[in-house]
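The values are calculated or read from the model by the stated rules, or taken from the named source; none is laboratory data. Treat the numbers as computed from the prediction; the structure is a model and nothing was measured. Every residue, glycine among them, receives a Cβ derived from its backbone with ideal geometry; neighbour counts consider all protein chains shown.
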């Protein structure tokens, strides 16, 4: 069975500050990991994904995440927050190539606020 | 061209009514999904179709019935609407490795 935990349902940072959104997962098979972003009144869009290979993955809008198997984590970071980063962020996991990869398990989301 | 388009964007209706939401994708994906997002932003998968075949059917009241006439379309019909059905419903389509493209959402309000 798989699960995803996003620590902190609300995170607030100042403009220009580091953004760190935490995601921990559990999976009995090698996982595929994802971060999606949802801007107000919009659908979700893919920020970045890890499937195999390099554990540090870069996404859109300056975001990146590092897959740490030993810590079962996939935290999302951005060096310098911008006002336009204010949104809801979702971490998700799927069983990867060895299982039913059509069903994503979603975290509960983290709402990021960026203060001027 | 919108990749995943769903209509209508807003639905306001009375309890007990029946309503439908339509979804179309022009990405050539084989898999389509319906998700429900509640007021706390929690995402719950409802259904998934792969090439017109139902492959995921979560614990959803049977008042909800999906229909996929072809792999580019997945519609959602809801009978006898209840207050608890108020939510935003998202259609999505998927390629390999579970990368999903979402529609803009259909906000359903049941009065």
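For the range B:88-102, indicate whether the set of residues that are over 21 Å from residue A:48 (Cα atoms) and either in a strand (DSSP E or B) or within 9 Å of another protein chain (Cβ to nearest Cβ) (or both) is non-empty. Checked against the condition, which is being over 21 Å from residue A:48 (Cα atoms) and either in a strand (DSSP E or B) or within 9 Å of another protein chain (Cβ to nearest Cβ) (or both), the range B:88-102 yields at least one hit.
Please work out which residue is modelled with the highest pLDDT, limiting yourself to the range A:99-116 and to residues that are within 13 Å of residue B:98 (Cβ to Cβ) and more than 8 Å from chain B (Cβ to nearest Cβ). Result: A:105. Here A:31, A:95, A:79 are screened, and the one residue that is out of contact with any strand residue (DSSP E or B) (no Cβ under 7 Å at 6 or more places or on another chain), within 24 Å of residue B:95 (Cβ to Cβ) and in contact (Cβ under 8 Å) with a residue 40 or more places away in the chain is A:95.
Could you check the range A:23-39 and list, in sequence order, the residues that are surrounded by fewer than 17 Cβ atoms within 10 Å (Cβ to Cβ) and either within 14 Å of another protein chain (Cβ to nearest Cβ) or modelled with pLDDT of 95 or more (or both)? Residues satisfying the conditions are A:29, A:30, A:39.
Restricting attention to the range A:1-22 and to residues that are within 14 Å of chain B (Cβ to nearest Cβ) and not in a strand (DSSP E or B), the residue that is surrounded by the most Cβ atoms within 10 Å (Cβ to Cβ) turns out to be A:2.
Being surrounded by fewer than 14 Cβ atoms within 10 Å (Cβ to Cβ), within 25 Å of residue A:48 (Cβ to Cβ) and in contact (Cβ under 8 Å) with a residue 12 or more places away in the chain holds for only one residue in B:70, B:1, B:30, B:18, and it is B:1.
Within the range A:53-76, being within 14 Å of chain B (Cβ to nearest Cβ), free of Cβ contacts under 8 Å to residues at least 24 places away in the same chain and not in a helix (DSSP H, G or I) holds for A:53, A:57.
Counting just the residues of the range A:41-52 that are in contact (Cβ under 8 Å) with a residue 40 or more places away in the chain and under 13 Å from the mean Cα position of the chain (by Cα), which one comes out farthest from the other protein chains (Cβ to nearest Cβ)? Restricting to residues being in contact (Cβ under 8 Å) with a residue 40 or more places away in the chain and under 13 Å from the mean Cα position of the chain (by Cα), the top hit is A:47.
For the range B:33-41, indicate whether the set of residues that are over 18 Å from residue A:90 (Cα atoms) and either within 11 Å of chain A (Cβ to nearest Cβ) or surrounded by fewer than 21 Cβ atoms within 10 Å (Cβ to Cβ) (or both) is non-empty. Checked the range B:33-41: no residue is over 18 Å from residue A:90 (Cα atoms) and either within 11 Å of chain A (Cβ to nearest Cβ) or surrounded by fewer than 21 Cβ atoms within 10 Å (Cβ to Cβ) (or both).
Annotation: of all residues in the range B:55-71 being assigned to a strand (DSSP E or B) and closer than 22 Å to residue B:5 by Cβ, the one that is nearest to the other protein chains (Cβ to nearest Cβ) is B:56.
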